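What follows is a single structure, written as structure tokens, with notes after it.
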């Protein structure tokens with residue numbers, strides 16, 4: 001019994017790091033320009049398909065194609081900004097919601113059209129296997145994904161806090177007008193935020209493909225969880241998203257273990273309701 | 001040095017600046033006084049490119065700049081210290097200053113030169129040196145104002161646009177800040193356009209002044225003359241109240 005409990009905790013922690021990585025991009029984009037990217041989970045889906053096709057067409061393991069997938073998603077993020085987001089940056093919130101929601105529908109439709117609704121999985125990757133620690137089994141793909149998420153989040157934090165470009169991004173997210181008065185090109189910073197925000201999803205997707213099915217709707221579940229994570233961490237807070245990712249991962253597996261797996265998302269969504277009712281700004285969010 | 005010719009600026013439907021003309025000569029302090037909503041901040045934001053004018057011209061050393069983006073204008077040498085300081089609160093004092101030199105740091109040797117400018121800023125405001133590791137949000141109002149001025153200076157501007165530097169500050173702090181502004185103009189030959197509601201201090205510091213009312217320049221001239229002007233005294237210096245009352 002005890003072993004199973006620890007096993008549960010560990011898997012919750014591992015998936016939590018990945019949630020954190022997916023959420024960081026969403027929260028960063030929101031922090032910069034107060035636009036909620038409803039299609040965030042679907043960019044994850046696209047990243048997973050990229051990984052999958054790299055494997056099928058070129059025989060590249062998801063781990064090895066990760067840099068390419070990340071770069072492709074970075075480009076996709078920048079393209080999204082200039083093509084779709086820039087024209088509506090000062091538009092009413094409803095128009096902004098329609099645009100990113102439209103992207104969601106478009107990406108899902110596109111994936112269904114091109115690749116059908118089949119569930120696809122890479123049968124054998126370089127990471128397949130388990131390691132055993134006492135009674136606890138840890139899947140190597142999951143462990144790698146968590147490690148990758150930690151590294152990626154760490155790099156992102158370092159970039160934001162320690163580099164000049166990262167500080168310029170923070171300055172724009174703190175006070176757009178003052179940043180422009182310092183000579184910071186806010187437009188370019190917005191594009192960069194989209195690039196980085198979507199690239200982190202690229203990393204997450206590439207890591208996820210090693211142990212998860214790829215299908216057109218895969219973004220739906222992750223998308224919802226990501227919103228819970230971002231709300232809990234505080235919209236716009238990168239460190240908050242990191243902490244919240246772990247909490248959501250733990251809540252998910254613990255409620256699945258203690259109450260029943262069919263209820264696990266219910267408790268994640270309860271958590272969301274609790275945040276909205278009790279502390280709407282989230283753990284570390286600005287008011 | 002800076003010439004503004006008949007600019008018209010709109011905020012949406014609101015005609016905020018109506019045919020405003022103004023000029024600045026090198027090394028002088030010029031003040032812009034007027035009530036709330038007269039368009040003073042809009043004028044500064046038009047110069048900075050935040051709210052570009054719909055018509056008219058802004059010339060800097062003879063070159064039109066009214067179609068440049070804000071970063072282009074900072075690059076030419078016009079920096080603004082915005083109303084309410086607008087320092088980057090979650091960043092340290094040092095990081096705030098570094099961001100002020102954002103464009104310069106992209107050039108070769110820019111970083112080294114920016115370090116020198118930072119030393120100069122610390123000489124002007126020693127308190128910022130003491131607090132350089134502190135987050136800007138933890139500073140007092142006066143210190144934040146000094147930081148905002150220091151941050152603008154990091155770009156090594158030829159023209160400084162100051163928006164209400166005295167707002168909400170204790171008289172002693174106001175004195176210190178105005179002493180620095182005077183020094184900048186006298187010793188560093190920085191041209192200053194000073195927007196103020198505190199017309200008395202502003203007119204004492206400046207050599208010339210403009211009076212803005214509902215988007216129009218209604219008066220301009222030497223600061224000393226404006227100080228003596230009946231209308232200015234009545235509207236902005238709070239003298240002569242009795243006469244109005246008696247009438």
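Odds and ends about this structure:
- Residue within segment B:153-163 that is farther than 30 Å from residue B:6 by Cα and either without any contact (Cβ under 8 Å) to a residue 60 or more places away in the chain or surrounded by fewer than 22 Cβ atoms within 10 Å (Cβ to Cβ) (or both) present: yes
- Counting residues in segment A:10-33 that are at pLDDT below 95, farther than 26 Å from residue A:285 by Cβ and in a helix (DSSP H, G or I) gives one or more.
- Every residue from segment B:135-146 that is crowded, with 24+ Cβ neighbours inside 10 Å and under 14 Å from residue B:178 (Cα atoms): B:145, B:146
- Residue A:235 being at pLDDT below 95 and surrounded by fewer than 24 Cβ atoms within 10 Å (Cβ to Cβ): yes
- Of the residues making up segment A:146-167, those that are over 17 Å from the mean Cα position of the chain (by Cα) and either part of a helix (DSSP H, G or I) or farther than 23 Å from residue A:185 by Cβ (or both) are A:158, A:159, A:160, A:161, A:162, A:164, A:165, A:166, A:167.
- In this structure, residue A:181 does satisfy being in contact with a strand residue (DSSP E or B) (Cβ under 6 Å, 6 or more places away or on another chain) and either within 11 Å of chain B (Cβ to nearest Cβ) or within 19 Å of residue B:101 (Cα to Cα) (or both).
- Whenever a residue of segment A:150-172 is within 13 Å of chain B (Cβ to nearest Cβ), its partners that are outside any helix (DSSP H, G or I) and crowded, with 21+ Cβ neighbours inside 10 Å, lying with C-beta atoms within less than 8 angstrom and at least six residues away or across chains, give the pairs A:168/A:184; A:170/B:88; A:171/A:182; A:171/A:184; A:171/B:88; A:172/A:184.
- Counted residues, segment A:190-220 - those being crowded, with 24+ Cβ neighbours inside 10 Å and part of a loop (DSSP other than H, G, I, E, B): 2
- Residue in segment A:115-126 that is touching a helix residue (DSSP H, G or I) at 6+ places or on another chain (Cβ under 7 Å), assigned to a helix (DSSP H, G or I), surrounded by 18 or more Cβ atoms within 10 Å (Cβ to Cβ) and more than 14 Å from chain B (Cβ to nearest Cβ) present: no
- Beta carbons closer than 9 Å, at least 6 apart along the sequence or on distinct chains, pair a first residue in segment B:93-113 that is more than 10 Å from chain A (Cβ to nearest Cβ) with a second that is assigned to a loop (DSSP other than H, G, I, E, B) and surrounded by 21 or more Cβ atoms within 10 Å (Cβ to Cβ) for B:93/B:87; B:93/B:139; B:97/B:154; B:110/B:101; B:113/B:101.
- Residues that are within 14 Å of the chain's Cα centre (by Cα), buried (at least 23 other Cβ atoms within 10 Å of the Cβ) and in a helix (DSSP H, G or I) occur in segment A:246-263; there is at least one.
- Residue under evaluation residue B:244, criteria (1) at pLDDT 90 or above; (2) part of a helix (DSSP H, G or I); (3) surrounded by fewer than 20 Cβ atoms within 10 Å (Cβ to Cβ), criterion not met: (1)
- Of the criteria (1) within 30 Å of residue A:278 (Cβ to Cβ); (2) buried (at least 21 other Cβ atoms within 10 Å of the Cβ); (3) within 14 Å of chain B (Cβ to nearest Cβ); (4) more than 14 Å from the chain's Cα centre (by Cα), which one residue A:240 fails: (4)
- Those residues of segment A:134-160 which are farther than 26 Å from residue A:4 by Cβ and surrounded by 14 or more Cβ atoms within 10 Å (Cβ to Cβ), in sequence order: A:148, A:152, A:153, A:156, A:157, A:159, A:160
- Of the strands (runs of 3 or more DSSP E) entirely within segment B:13-83, those holding at least 2 residues that are crowded, with 24+ Cβ neighbours inside 10 Å and in contact (Cβ under 8 Å) with a residue 12 or more places away in the chain occupy B:14-24, B:29-33, B:78-81.
- Filter pass, residue A:131 being surrounded by fewer than 22 Cβ atoms within 10 Å (Cβ to Cβ), out of contact with any helix residue (DSSP H, G or I) (no Cβ under 9 Å at 6 or more places or on another chain) and without any contact (Cβ under 8 Å) to a residue 24 or more places away in the chain: no
- Screening residue B:90 on (1) farther than 26 Å from residue B:72 by Cβ; (2) away from every other protein chain (no Cβ under 14 Å) shows it passes everything except condition (2).
- Residues satisfying the stated conditions in segment B:191-228, i.e. assigned to a loop (DSSP other than H, G, I, E, B) and either on the phi > 0 side of the Ramachandran plot or touching a strand residue (DSSP E or B) at 6+ places or on another chain (Cβ under 7 Å) (or both): B:206, B:207, B:214, B:215
- Any hit, segment A:226-233, residues being farther than 24 Å from residue A:81 by Cβ, without any contact (Cβ under 8 Å) to a residue 40 or more places away in the chain and in contact with a helix residue (DSSP H, G or I) (Cβ under 6 Å, 6 or more places away or on another chain): no
- Yes/no for residue A:187 being farther than 30 Å from residue A:126 by Cβ, within 14 Å of another protein chain (Cβ to nearest Cβ), in contact (Cβ under 8 Å) with a residue 24 or more places away in the chain and surrounded by fewer than 24 Cβ atoms within 10 Å (Cβ to Cβ): yes
The values are calculated or read from the model by the stated rules, or taken from the named source; none is laboratory data. Fair warning: this is a prediction, and the values are worked out from it, not measured in the lab. Virtual Cβ from ideal backbone geometry, glycine too; neighbours counted across all protein chains shown.
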